[in-house]
Number of protein chains: 2
Amino acid sequence: MNRTRLDETLADLDADGYLLDASQEDANQLYLSGFTGPDPFLTLYADGEVHALVSGLEYGRAKTEATADTVERHADYGYEYGGREDRNDMYAAFVRDKGVESVAMPPRAPVGTADAMRERGVDVAVDGDDLLREVRAVKTDEEVDAIREAQRANEAAMRAAEELLASAAVAGEGASTGGEPADGDLTPGTLLLADGEPLTSERVAEEIEVTLLRHGCALDETIVAGGAQAADPHDRGSGPLRANEAIIVDIFPRSKATRYNADMTRTFCVGEPPAALREWYDLTERALDAALDAVEPGATGGDVHAAACEVYEEAGEPTFRTDPETETGFIHSTGHGIGLDVHESPRLASGGGELEPGHVITVEPGLYDPDVGGVRIEDLVVVTEDGHENLSEYPISFEL
Amino acid sequence: MNRTRLDETLADLDADGYLLDASQEDANQLYLSGFTGPDPFLTLYADGEVHALVSGLEYGRAKTEATADTVERHADYGYEYGGREDRNDMYAAFVRDKGVESVAMPPRAPVGTADAMRERGVDVAVDGDDLLREVRAVKTDEEVDAIREAQRANEAAMRAAEELLASAAVAGEGASTGGEPADGDLTPGTLLLADGEPLTSERVAEEIEVTLLRHGCALDETIVAGGAQAADPHDRGSGPLRANEAIIVDIFPRSKATRYNADMTRTFCVGEPPAALREWYDLTERALDAALDAVEPGATGGDVHAAACEVYEEAGEPTFRTDPETETGFIHSTGHGIGLDVHESPRLASGGGELEPGHVITVEPGLYDPDVGGVRIEDLVVVTEDGHENLSEYPISFEL
């Protein structure tokens, strides 16, 4: 945690303190308390100090693990397991004990707690700017190292996926039976086979996830989407994969030890891609390079997004800049910050703010059209004093 | 989803509608919308209908997947990606469009959205009872089947863990070198070895998690805690495991397909357990049986908890009933509901409410003391019309 940045940012608060009520699942909570509590607990920043309040069951672990300056337990406020009102009384007593009469809470803090504080005379303002998120956006060297390490695990998983795809047999090849490309089909390639069975998105995702586990990472979801599925950036992919079409593999693991995330996308094609896909791939590689070239302190997230958009627009592909309603072309932002959350500040999109050294961001242009498929290439970089360092070492290549 | 129960429960609302602003990570949202949106979106229950509002990027998938009666997209309210105020204006317009002037929101709904609705003249009350959680507590047959299926994957993972432990070598056994039990050590057993290396909690957890992935489950954490670590019910366990001490294995996977959770705990001992541990194990098995016997419609969660406590108290072990401050003995509740959340209603604890057919609950008594270790045995059951059905088929045995 960058304590100076935290103190400077929260110094401007129009409140006595900054209050969180969340579990470790909330990145702000994990960052401010330094504690992996599975159930929601309170953390209060006031007068330059961080105070945590946890249940008796968590107290021993929290005393050891939390980076908060003080850790108290429910019993310190005379609370035993009881009703909601007792719990809220305890919360208000904890806040008042720190000399705090007014707090700011992040926009997604629980309304139940906010209203309960208000009923007990503690002013609650919503911090619409989510200031802690902005503090989190600029990483320390230690945080960058944690993300770098997660990216190494990510690369091992990508390698496992690529090898599984590369080793797949193509149905009908060298055999008398087998599928023929169907005319007018959106996914005209023949089936990929592994061990004589159709190779599915699910099978590739399983290989990725097992590899991540073996490398100390957890994850919720992985995208392995081929053909028309790849044309929907949020489709996780399912069912048989085919030759001669684009297969998007997007992996975003979280290190179990540090809880920092990594993120990487590659697009593969087993066999010969149609000319349109080949062109899209080359264009997307150029968009990636142009966007990466634009990443430096003082440039804005908007500048980086514009650099990617320009490559696509010059080639006649639609973007949200040329057509806000388009459902094909470059239909998402160029990237996002990453850290304890997979998606955090800053945004590489129109209106995205100024980049600072320590920002860790994805750069991930892509093109989408159900009639062609989808292509996305995503690297992970950290903004440095004089440009950026690319944290991704995985090669960029299309045909397997 | 039990639509009748939903309608009946929300009919008593003192508001025109029930509003959620959450992603799929929120069980209420997943339940009411039936949509696995990765980013927060709105769902409104009003006049017996469920309405979802999602971004353009999610719209296609939401139309297909969501069980909501209507699905709209941001563009339907003229919203393009913009600032927070524009977004809140859209949210208010969506709510008003359904003829709703007042909403209830669950206690952990975001205060930013609640306050924004209030500023726009929509009354917001906090539903302190979290009524949707209560609706979710009673499962349909389909939901019970989803949990049962996740428990089968859980059992495969428990088997993998048990086999790994059972096949471990004990350091020094049959060899001239090796550790001797240290006098006065909290974990006096000699090291367990796998492939010549100390067998660690992390290694066993990895085996469990890989097995779960191979069975279509995801998971965040697993508890494999031996010796003194097993005496802290929230300790996930780390480092070398030893012979002649209790090793608690607690697995709670989530099916990727259905998103329903399962939960099971077994306690193992490689080699001969000390007499005190053996006694604890037998006692805990009796506490489990007593608690299971008490599970039937009309009994309360408090009754089931009391049945487990009585077994322990008669044997002279402390519980929260005999000593609310105790840090050893039976120091947690007897169980909890499970479904889309790992922990949900009802509670098997003092004050826990009446059990109903369709409640799926864990029953998990245990004993803890850093000087002895920890023992916990956990089954998963569904309350039926005339008692309960045990959804766990895994044997209960201690010594490996």
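Using the alpha carbon gyration tensor of chain A, what are the three equivalent-ellipsoid semi-axes (square root of 5 times each eigenvalue), largest first, in whole Å?
Those come to 45, 24, 18 Å.
In nanometres, what is the gap between the two model label sites at B:Ser397 and B:Thr328, each 7 Å from Cα along Cα-to-Cβ?
Inter-label distance under the simple model: 3.1 nm.
Mind giving me the FRET efficiency for B:Glu296 and B:Ala11? R0 is 35 Å, r the Cβ-Cβ distance, nearest 0.05 is fine.
0.80
On full extension of the chain, what length is gained from A:Arg278 through A:Glu142, given 0.36 nm per residue of separation minus the C-alpha to C-alpha distance? Mind dumping the intermediate values first?
On the way: separation 136, 0.36 × 136 = 48.96 nm, distance 3.93 nm.
Net length gain for the segment: 45.0 nm.
So what J values fall out for region A:282-292 if you push phi through Karplus, 6.51 cos²θ - 1.76 cosθ + 1.60 with θ = phi - 60°, rounded to Hz, Gly and Pro as x?
Residue by residue, region A:282-292 yields 4, 5, 5, 5, 5, 5, 4, 4, 5, 5, 4 Hz.
Please compute the average number of Cβ atoms from other chains found within 10 Å of each residue's Cβ in peptide B:355-364.
Across B:355-364, the average partner-chain Cβ count within 10 Å equals 0.
I'd like the Karplus ³J(HN,Hα) series for region A:260-271: coefficients 6.51, -1.76, 1.60, θ = phi - 60°, whole numbers in Hz, and an x wherever there's a Gly or Pro.
Running phi through 6.51 cos²θ - 1.76 cosθ + 1.60 with θ = phi - 60° gives 8, 9, 10, 7, 7, 10, 10, 10, 10, 9, 8, x Hz.
For a quick check: sort B:Ser238, A:Ser102 by the number of other beta carbons within 10 angstrom, fewest at the front.
In increasing order of surrounding Cβ atoms, one gets B:Ser238, A:Ser102.
What is the helix-to-structure angle for B:141-166, meaning the angle in degrees between its Cα long axis and the longest Cα principal axis of chain B, kept from 0 to 90 and rounded to the nearest 10?
Result, in degrees: 30.
Given the options B:Glu310, B:Glu149, B:Glu65, state which has the largest fluctuation in a GNM of chain B using a 10 Å cut-off (strictly under) for Cα springs.
B:Glu65
Grab the other residues whose beta carbon is less than 13 angstrom from that of B:Lys63, score K and R as +1, D and E as -1, and report the net.
-4
Determine the distance separating the Cα centre of region B:335-387 from the Cα centre of region B:1-16; give it in Å without decimals.
26
Label point 7 Å out from B:Arg321 along Cα-to-Cβ: which residues of region B:263-283 have amide N under 17 Å?
Output list for this probe position: B:283.
Can you list which of the trypsin sites (Lys or Arg not before Pro) found in region A:304-400 are DSSP loop residues with at most 10 other C-beta atoms within 10 Å?
none
Explain nothing, just the number: relative contact order of chain A, from Cα pairs under 8 Å at least 6 residues apart, as a whole percent.
Computed value for chain A: 13 percent relative contact order.
List every residue whose amide H lies under 5 Å from the amide H of A:His336, counting only residues 5 or more places away in sequence or on a different chain, with H placed 1.01 Å from N in the peptide plane.
Under 5 Å from the amide H of A:His336 lie the amide H atoms of A:Leu348, A:Thr362, each far enough along the sequence or on another chain.
Fully extended, how many nm does the chain gain between B:His234 and B:Ala166 (0.36 nm per residue separation, minus their Cα-Cα distance)?
Gain in length upon complete extension: 22.0 nm.
At 0.36 nm per residue, and after removing the present C-alpha to C-alpha distance, how many nm does the segment from B:Glu119 to B:Arg96 gain when stretched out fully?
Here the segment from B:Glu119 to B:Arg96 would lengthen by 6.9 nm.
Which order results if A:Arg159, A:Arg242 are arranged by neighbouring Cβ count within 10 Å, fewest first? Could the numbers behind the result be given before it?
Working: A:Arg159 14, A:Arg242 25.
Sorted ascending by nearby Cβ count, the order is A:Arg159, A:Arg242.
For the protein assembly as shown, what number results from the quotient of the Cα radius of gyration and 2.2 N^0.38 Å?
Cα Rg divided by the expected 2.2 N^0.38 Å: 0.98.
Collect residues whose amide H, placed 1.01 Å from N in the peptide plane, falls under 5 Å from the amide H of A:Phe41; neighbours closer than 5 in sequence don't count.
Sorted by chain and number, the residues that satisfy this are A:Ala22, A:Ser23.
Could you work out the equivalent-ellipsoid semi-axes for region B:3-137, taking the square root of 5 times each eigenvalue of the Cα gyration tensor, largest first, in whole Å?
21, 18, 13
Considering every residue in A:208-221, what mean count of other chain Cβ atoms within 10 Å of its Cβ is obtained?
Average per residue, whole number: 4.
Exposure proxy check: A:Arg120, A:Arg236 ranked by fewest other beta carbons within 10 Å?
A:Arg120, A:Arg236
FYI, it's all coordinate maths here, none of it is from the lab. Predicted, not measured: the structure shown is a model, and the values here were computed from it. Positions of Cβ are generated from backbone atoms using ideal geometry, with glycine treated the same way; all protein chains shown enter the neighbour counts.
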